[in-house]
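Trainee: Sharing a structure below in structure tokens format, with a few things to ask.
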């Protein structure tokens, strides 16, 4: 009986973390921080944070819930509802980046961040690169490969990503300790 109670409590904790993670992702998409050359949101930071802190299963589940909320028409994404909502928003220019969130959360939860600071930084660069590779691929499919895809879909965000990855790198040892609480 005690084992069942413990398992139920653990499942409840997972559900709570996943729900709060999707709320945090929504908030991170709505706050625009002045940055050069474009304003920065903290979505990629939260995606990587969720994977690092709680593992790949909770990271992917959190992003999945966030994307489901968006599909259902909740204004959870950056630029919503002004730029549209639901599946039509997801199939527009940011669709590839949103899909990349899933893979980034997976790798951020799967990779071992209990290593030296240089390796942590490289692993985080790999995780965030997946978002941009899928995003630029999708963008190229939409607007055509004859356009400057890298200059439009990645370059303006590089400084902001470097900033976010640096913060995550410096906090990595503390972030992975959050797994102990669930």
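Trainee: Does the stretch 164-171 include one or more residues that are under 15 Å from the mean Cα position of the chain (by Cα), without any contact (Cβ under 8 Å) to a residue 40 or more places away in the chain, assigned to a helix (DSSP H, G or I) and at negative phi?
Mentor: Within the stretch 164-171, none of the residues are under 15 Å from the mean Cα position of the chain (by Cα), without any contact (Cβ under 8 Å) to a residue 40 or more places away in the chain, assigned to a helix (DSSP H, G or I) and at negative phi.
Trainee: Having 2 or more residues that are touching a strand residue (DSSP E or B) at 6+ places or on another chain (Cβ under 9 Å), farther than 29 Å from residue 171 by Cα and modelled with pLDDT under 95 is the bar; report the helices (runs of 4 or more DSSP H) wholly within the stretch 65-146 that clear it.
Mentor: none
Trainee: Still on this model: Taking the conditions exactly as written (in contact with a helix residue (DSSP H, G or I) (Cβ under 7 Å, 6 or more places away or on another chain), assigned to a helix (DSSP H, G or I) and surrounded by fewer than 19 Cβ atoms within 10 Å (Cβ to Cβ)), does residue 36 satisfy them or not? Walk me through it before giving the result.
Mentor: Details: in contact with a helix residue (DSSP H, G or I) (Cβ under 7 Å, 6 or more places away or on another chain): yes; assigned to a helix (DSSP H, G or I): no; surrounded by fewer than 19 Cβ atoms within 10 Å (Cβ to Cβ): yes.
No: the conditions fail for residue 36.
Trainee: So for the stretch 25-33 (the condition being outside any helix (DSSP H, G or I), at pLDDT below 95 and in contact with a helix residue (DSSP H, G or I) (Cβ under 7 Å, 6 or more places away or on another chain)), does at least one residue qualify?
Mentor: For the stretch 25-33, residues outside any helix (DSSP H, G or I), at pLDDT below 95 and in contact with a helix residue (DSSP H, G or I) (Cβ under 7 Å, 6 or more places away or on another chain): absent.
Trainee: Okay, moving on. What are the residue pairs meeting all of these: first residue in the stretch 83-95, first residue at positive phi and buried (at least 16 other Cβ atoms within 10 Å of the Cβ), second residue in a loop (DSSP other than H, G, I, E, B) and at pLDDT 90 or above, Cβ atoms under 8 Å, and 6 or more apart or on different chains?
Mentor: Sorted first by the residue in the stretch 83-95, then by its partner, the pairs are 84/92; 86/72; 86/73.
The values are calculated or read from the model by the stated rules, or taken from the named source; none is laboratory data. The structure presented is a predicted model; accordingly, all values stated were derived computationally and were not measured. For neighbour counting, all protein chains shown are included, and Cβ atoms are generated from backbone atoms with ideal geometry for every residue, glycine included.
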